[in-house]
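Everything on this sheet refers to the single structure shown next.
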Amino acid sequence: MELSLRRLRTLREVARRGGINAAAAALHYSPSAVSQQIEALSAEVGAPVLERVGRGVRLSQVGRVLAEHADVLLAAEQRACAAVESARHAVTAHLGIGVFAAAAASLLPAVLADLHAHHPGITLESSEVDTEDAVTDLRHGHLDLALLLDYPDAPEPWAADLGVRPLGLDRMHLAAPTDSSYGPGTDLAELAHENWIISGPQTYYGRAVRTACRRAGFEPRVRHQVDGLATALAMVAAGLGVTLASDLGRVFAPAEGIRIVPFERPLRRAVVVAHLPHADDRPSVQAVLEAFGRAAAARDLEPPG
């Protein structure tokens, strides 16, 4: 019997999500593609790994056994990669990393330059992805690393089964038109009457901003729902409303028409690099983590608490 790690990852996602359709949505596959993976896995082990329950499915006894061992087998894969890399005379690897936009613009160029200078055998390939998608892609092996954000006002349980390297705290500031009266020491509650330009509640960032505003005593009046920070800041510069911009996100601020104002009670979000358990045993992954640490320090991110 030969087990496909890719199919084990698919089974694990079906178990986590509670069904084929939910797993397919999380993995960005079609339900039929997930079903084919599951059928192939059943053929490999010689028994069904799922069974019908009403209109849905659940893991069979064989499926439960496989799911229980999947994490062990996938961790062994990471340890094997680490052992192979350690046996080489030079650090070489091709790694995929998921990044959010502000990190791609503020941190990634410095990291790539650092790796080129110190570890030219490492090729880093980046993809801009939302936090939730990045976590799924990590777990399914589509990415080796992911830059994630952890908002105190909207904590997410994504870190439970991942390795995490904190990089620092990214401070959030008010971004307002230059003709506004806001100055340093502004309180978030003062913005209750403003028109807001933020992303939708389906995004991690959108939920975090809304939660912070509610804790300040108001529901933000979202006049323009925009996912891209660069677009939001351009709209602020045009006088269409206010938004939040972090230290990393200030790279997108237009040269004119906008004012970045620190809050009286600073809003912060943690920037972390996540990876599968034991992946940081790989010399290449460790080299990338160290390069991100140096880039974060150069950008004056507050040290993690």
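No lab work stands behind these numbers, since they all come straight from the coordinates. Predicted, not measured: the structure shown is a model, and the values here were computed from it. Glycine gets a Cβ as well: all are built from the backbone with ideal geometry, and neighbour counts include every protein chain shown.
Tabulated data
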item: 222 nm mean residue ellipticity, helices alone, for the chain (DSSP H n ≥ 4; -39,500 (n - 2.57); rounded to 500); result: -13000 deg cm²/dmol
item: Exposure proxy order (Cβ contacts within 10 Å, fewest to most) of R207, R139, R16; result: R16, R207, R139
item: Between helix 31-45 and the chain: long-axis angle, C-alpha atoms, 0 to 90°, nearest 10; result: 30
item: Extension gain, T178 back to A33 (0.36 nm per residue minus Cα-Cα distance, nm); result: 47.0 nm
item: Low-density loop cleavage sites - GluC sites (Glu not before Pro) in the stretch 1-97, where at most 16 other Cβ are within 10 Å (DSSP); result: E2
item: Rounded if a/c under 1.5, otherwise prolate or oblate - the stretch 87-134, Cα gyration tensor axes; result: oblate
item: Antiparallel %, DSSP beta bridges [both residues in the chain], to 5; result: 65
item: Structure-derived Cα extents along the principal axes in Å - corresponding label in (1) 70, 56, 30; (2) 90, 38, 34; (3) 104, 69, 30; result: (1)
